[in-house]
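The structure under discussion appears below in the form of structure tokens.
Throughout, read-outs are computed from the coordinates displayed, never taken from laboratory work. The model shown is predicted, which means the values in this text are computed figures rather than measured ones. Using ideal geometry, Cβ is built from the backbone for each residue, glycine included, and neighbour counts are taken over all protein chains shown.
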Amino acid sequence: MIFVGLRIDVDTLRGTCIGVPNLVELLARHQIRATFFFSVGPDNMGRHLWRLMRPAFLVKMLRTGAARLYGWDILMRGTLCPGPVIGKRCPGPIQEAAEAGHEVGLHAWDHHYWQARVERMDQYAVTREIQRGYDLLTDILGRSPNCFAAPSWRVTPEALQALDQFPFRFNSDCRGHSLFRPVVDGRRISHVQVPTTLPTYDELIGLECTAETYNENLLKMIRPDRLNVLTIHAEVEGISRLPLFQDFLHKARQRDIVFEPLGGILSQTKKIVESGICKSAVAGRDGWIACQRGISNQFKSLRKSANDE
Ligand SMILES: [Zn+2]
């Protein structure tokens, strides 16, 4: 039996309204429980996508077939007027995911704002962003969310310290290879990190593989002797790539792969090491992401990072 932590990021109104119900139904059929991370504030993701309009990003848009992958409404959201507040417009699917027994965490108040600005935010500003999302998600659920995943795997020392003030059971803010407690600027962060270990769909497609070979490629990366944490997106695997993800679940079952919410992976893990977090880059993803130290040798410290965006 090979355990895989399954994390579902929900970044947009469309992902919440359409992708989440699709995934809740599919996972129920496969008797799988996962961790959903919800963005509940304004959906300004269209603004984010257009802000990245540089040659490299345009190539990626074409490579991944972005309009088909995400939908035009996502690409335009928040570009002309402030985006709708997702948690107010569409709370039902969030409640349904929780009622179906999935673990529910906070992903963002404003996903676009965090991803574009977190590097320039002090601890107070980050705390305010998290608090707004935390309060609305608590209202929707009738209880507090029990974990957090930073938008686009972007955290800074200030953000980690802000997050530590919230009663999350764990965080999933970076890429990495093992469960760990971060040490930043010589300070121990109390929340354990359950990092994403596997690439996302948009990081592999058109580079390492095509849609036809994608599932086989991904399955080969899942190993019994290491931590496996997969992140999917409600906007992608929950909508345009739903049949592909369904096929992935079938193939995974044949290989004795068992999916768990991230909290389940945490409960199974006896040894939790201490580790630094650094700024890094992954193939197929635009800009920087935070990584557990020791995952590759191209790290810069989170502090020295400055402007590579
Ligand atoms: Zn996200």
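Worth a mention:
- For the range 245-295, average projected area of the Cα convex hull in nm²: 5.7 nm²
- Net lengthening on full extension, residue 267/residue 254 (0.36 nm per residue, minus Cα-Cα): 2.2 nm
- As a proxy for reagent exposure, 221, 1 were ordered by neighbouring Cβ count within 10 angstrom, fewest first; the result is 1, 221.
- With the convex hull drawn around the C-alpha atoms of the range 148-238, the volume per residue stands at 121 Å³.
- One way to sum up the overall shape of the range 150-309 is the equivalent ellipsoid from its Cα gyration tensor, whose semi-axes run 28, 19, 14 Å, largest first.
- With both residues required to sit in the chain, DSSP beta bridges show an antiparallel share near 25%.
- Percent of alpha-carbon pairs separated by more than 30 Å within the chain: 26 percent
- Sorting 124, 201 from the fewest to the most surrounding beta carbons within 10 angstrom yields 124, 201.
- For 110, 202, the sequence from fewest to most other C-beta atoms within 10 Å is 202, 110.
- A simple spin-label model places the labels of residue 203 and residue 220 1.7 nm from each other, with each point 7 Å out along Cα-to-Cβ.
- Cα→Cβ-extended label distance, 7 Å offset, between residue 281 and residue 211, nm: 2.9 nm
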